């Protein structure tokens, strides 16, 4: 006997054009009514152009009409804004007071770790003037969508990604904007992008403690932040400012990550601290948060990022980072 649950299962297999996530995962299914052999399905039109709506109407009817007891099908589209449809369980910002320490790299590594474990993941690239996430993931081309919203492109592992670089005519074009416009764009990436249902949305912040990080901390319901730093004392000093900002804004610090921590000589495996003695324990103590990992200088990782293949990277360090992140998240949830 046909049930609403069976109808919903069929809709989970209907992929949205331009996104390749299902109607259910994008949270576009607004209502399913089944009575006396008649099925009425209401779908939100957010971020769907007319062609996509027509295609989906036909596909939904085709998927459901083969179920038992179905005599009549009706598919309607209802207006809705992406921000009213998005259901994100955890929003994690990756931040640092200083540029060039590897925030985008850590964002990418955490993202692929989550995706490999079966979580639904998105990355919001909030570094408007220095975006690098699309290049690392090998994503180019303008996102699909309509006047009512945008659909973030998917990476090979199924990670949703939105970045200003995907909206520029050329990825090398400079974004020369003042703070208020940057803040507005970040807010739009949260409210006007159809993220749908996600377990984690990672926000790659620009360096510093000014407009952009402040916008994220005030506008997005953050679950916490991950602080990234490198071993140099100068970098550590500046990053402490980011730690203080998170603390003053009452945003939990999930953990800290030391990037470019060391280099392993290929022949001997000897560990060389190129940028000086590790500040890992010191920074963890300063942030009152666990050390999630120490990422080495890895030429293979650098090459994969340049090639747009970060999702191919695998190492014991990456697995350790993932384990520590999940442990820290579990601890925060219990507090």
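The values are calculated or read from the model by the stated rules, or taken from the named source; none is laboratory data. Bear in mind that the values here come from a model prediction, so they are computed numbers and not experimental data. For neighbour counting, all protein chains shown are included, and Cβ atoms are generated from backbone atoms with ideal geometry for every residue, glycine included.
Observations on the model:
- For segment 281-311, a residue qualifies if it is part of a helix (DSSP H, G or I), out of contact with any strand residue (DSSP E or B) (no Cβ under 7 Å at 6 or more places or on another chain) and surrounded by 14 or more Cβ atoms within 10 Å (Cβ to Cβ), and the qualifying residues are 282, 286, 301, 304, 305, 310, 311.
- Residue within segment 44-52 that is in the same structural domain as residue 151 (by TED's automatic domain parsing), touching a helix residue (DSSP H, G or I) at 6+ places or on another chain (Cβ under 6 Å) and touching a residue at least 60 places away in the same chain (Cβ under 8 Å) present: no
- Condition check for residue 218: assigned to a helix (DSSP H, G or I) and more than 19 Å from residue 85 (Cβ to Cβ): yes
- All positions within segment 167-187 that are surrounded by 12 or more Cβ atoms within 10 Å (Cβ to Cβ) and within 16 Å of residue 208 (Cβ to Cβ): 175, 177, 179, 182, 183, 186
- Filtered residues of segment 107-131 (kept if in contact with a strand residue (DSSP E or B) (Cβ under 8 Å, 6 or more places away or on another chain), buried (at least 19 other Cβ atoms within 10 Å of the Cβ) and outside any helix (DSSP H, G or I)): 120, 121, 122, 123, 124, 125, 126, 127, 131
- Consider segment 9-30 and keep the residues that are free of Cβ contacts under 8 Å to residues at least 40 places away in the same chain and loosely packed, with under 15 Cβ neighbours inside 10 Å. The one that is farthest from residue 65 (Cα to Cα) is 12.
- Members of segment 91-104 found to be surrounded by 23 or more Cβ atoms within 10 Å (Cβ to Cβ) and either outside the structural domain of residue 199 (by TED's automatic domain parsing) or out of contact with any strand residue (DSSP E or B) (no Cβ under 6 Å at 6 or more places or on another chain) (or both), listed by number: 97
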